[in-house]
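This report refers to the structure that appears directly beneath it.
The values are calculated or read from the model by the stated rules, or taken from the named source; none is laboratory data. As the structure is a prediction and not an experimental result, all values here were calculated from the model. With ideal geometry, Cβ positions are generated from the backbone for all residues, glycine too; neighbour counts draw on all protein chains shown.
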Amino acid sequence: MFKRIVPVFCVCVWALSASGQPFDSDQPYSAVKGKDELVLSNRQGQPLLTYRYTVKAPPQGVSAAYGRSGYIHPLQTLGGKTLTTIQPADHYHHYGLWNPWTRVEYDGKLYDLWNIGDKQGTVRFVDFAEIFQDNKHAGFEAVHHHVIFNEGEETTIMKENWRIAISQLDANKYAVDIRSTLAPITDIDVILKEYRYAGLGFRATPEWTNTNSGVLTSTGKTRKDADGSLERWTIMFGQLGNGEGGVLFLSHPQNYNFPEPVRIWPEDANGGRGDQFFNFSPTKNKDWILEAGKEYTLQYRLIVFDGTLSAGEAEQLWQSFAN
């Protein structure tokens, strides 16, 4: 089994980036929009986060229903290691870091916007409300439509403003701030029904299996018993090339159903390979009624790191985020 040694280390303001240059360079962060993707880079010009705003078609021979837009991939460490994957053959509807809902009740009927291959609905990029870059951070606010399919008709039932920003913390890690604002856009309530997964999802690199990766939560649980637990934060970590790295997922205390239930795949997932999947799922154990005419916000922070991260440091980072 993969064994992890967690050192205690300080954060030094003069630390060097992975490129060997001071991370607090005078250069601004950058947000560069291409024909399909928006790329966020640090002050050394190193791409860290890519947002896809046009539809990515599925692999040849796979139903076109699996194509979608409005997701993050690749998400990379400062050391240049990729943490996400999209359209894996075992789950073509998995898209790196993305935010659909699985059991959605609208006007008395249920729809699934997560398992898009079932053709009940999807989430679509519509426009950028903002793209920003300066000496402190870079990011964007994308408008998403949550759409249901009903007997050949399409209805947009909810608008989401997905605001993403990156900022480097030190030579080994940076933050990704995520704010999802949801608003029903008809005069009918949207009910996000109780289900074991929904909301902010993360499909990890195929390099991670049950032999070289792991999980640690704020309540001290590991991959063996974390699924369904109520958490402030969760670390997902593992081997990346010749080194290690991972992501710390932080949930804000003002989020619905905080501390949030988490969905962690079992160690024998995918025929025993044990691929890694993480999901903050506020509706894992209860419904969430989104009333027409109102807005609802979920806030998260991801700490993307090279090397290792201790439980004590994770708690300190959560306290900083929460307060």
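Could you say which residue among Gln133, Gln120 is over 22 Å from Asp287 (Cβ atoms) and not small (Gly, Ala, Ser)?
Gln133
I'm trying to understand the selection: among the residues of region 298-315, which are in a strand (DSSP E or B) and either farther than 30 Å from Lys159 by Cα or over 17 Å from the mean Cα position of the chain (by Cα) (or both)?
Hits for region 298-315 are Phe305, Asp306.
Condition (residue is of a type in the set (S, T, N, Q), within 29 Å of Ile116 (Cβ to Cβ) and modelled with pLDDT of 95 or more) applied to region 236-247: is it met by at least one residue?
Checked region 236-247: no residue is of a type in the set (S, T, N, Q), within 29 Å of Ile116 (Cβ to Cβ) and modelled with pLDDT of 95 or more.
Among the residues of region 180-229, count how many are in a loop (DSSP other than H, G, I, E, B), closer than 15 Å to Trp114 by Cβ and of a type in the set (Phe, Trp, Tyr).
2
Among the listed residues Leu230, Leu248, identify the single one that is under 19 Å from the mean Cα position of the chain (by Cα), surrounded by fewer than 19 Cβ atoms within 10 Å (Cβ to Cβ) and either of a type outside the set (D, E, K, R) or under 30 Å from Glu291 (Cα atoms) (or both). Even if it seems obvious, please write down each step before you answer.
Details: Leu248 fails: surrounded by fewer than 19 Cβ atoms within 10 Å (Cβ to Cβ).
Of the residues listed, the single one that is under 19 Å from the mean Cα position of the chain (by Cα), surrounded by fewer than 19 Cβ atoms within 10 Å (Cβ to Cβ) and either of a type outside the set (D, E, K, R) or under 30 Å from Glu291 (Cα atoms) (or both) is Leu230.
Please state which one of Ala175, Ala142 is surrounded by fewer than 21 Cβ atoms within 10 Å (Cβ to Cβ), part of a strand (DSSP E or B) and among the small types (Gly, Ala, Ser).
One residue alone meets the criteria, Ala175.
Determine if region 110-121 includes at least one residue that is surrounded by 17 or more Cβ atoms within 10 Å (Cβ to Cβ), within 19 Å of Pro74 (Cα to Cα) and in contact with a Gly (Cβ under 8 Å, 6 or more places away or on another chain).
Initial filter on region 110-121 (surrounded by 17 or more Cβ atoms within 10 Å (Cβ to Cβ)): 111-114, 116, 120-121.
Applying the additional criterion that residues be within 19 Å of Pro74 (Cα to Cα) yields none.
For region 110-121, residues surrounded by 17 or more Cβ atoms within 10 Å (Cβ to Cβ), within 19 Å of Pro74 (Cα to Cα) and in contact with a Gly (Cβ under 8 Å, 6 or more places away or on another chain): absent.
Picking from Lys136, Lys159, which residue would you name as being in contact with a strand residue (DSSP E or B) (Cβ under 9 Å, 6 or more places away or on another chain) and not in a strand (DSSP E or B)?
One residue alone meets the criteria, Lys136.
Across region 104-153, what is the total count of residues that are among the acidic types (Asp, Glu) and under 22 Å from Ser180 (Cβ atoms)?
Just the residues of region 104-153 that are among the acidic types (Asp, Glu), to begin with: 105, 107, 112, 118, 127, 130, 134, 141, 151, 153.
Next, only the ones that are under 22 Å from Ser180 (Cβ atoms) stay: 105, 112, 127, 130, 141.
Adding up the residues that qualify gives 5.
What are the residue pairs meeting all of these: first residue in region 69-83, first residue closer than 13 Å to Asp36 by Cβ, second residue β-branched (Val, Ile, Thr), Cβ atoms under 8 Å, and 6 or more apart or on different chains?
Taking only residues 6 or more apart or on different chains, the pairs are Ser69/Thr54; Ser69/Val55; Gly70/Val123; Tyr71/Ile86; His73/Thr50; His73/Thr84; His73/Thr85; His73/Ile86.
Are there any pairs with C-beta distances below 7 angstrom linking a residue in region 273-293 that is farther than 20 Å from Gln254 by Cα and touching a residue at least 60 places away in the same chain (Cβ under 8 Å) to a residue that is hydrophobic (A, V, I, L, M, F, W, C) and not in a strand (DSSP E or B), with the two at least 6 apart or on different chains, and if so which?
Asp275/Trp208; Asp275/Trp265; Asp275/Ala269; Gln276/Trp208; Gln276/Trp265; Phe277/Trp265; Ala292/Ile188
Give the residues of region 262-284 that are farther than 14 Å from Asp90 by Cα and in contact with a Ser or Thr (Cβ under 7 Å, 6 or more places away or on another chain), sorted by residue number.
Val262, Arg263, Phe278, Phe280
Among the residues of region 230-244, write down those that are in a loop (DSSP other than H, G, I, E, B) and in contact with a Gly (Cβ under 7 Å, 6 or more places away or on another chain). Talk me through it step by step, then tell me what you get.
Residues of region 230-244 in a loop (DSSP other than H, G, I, E, B): 232, 241-242.
Hits for region 230-244: nothing passes.
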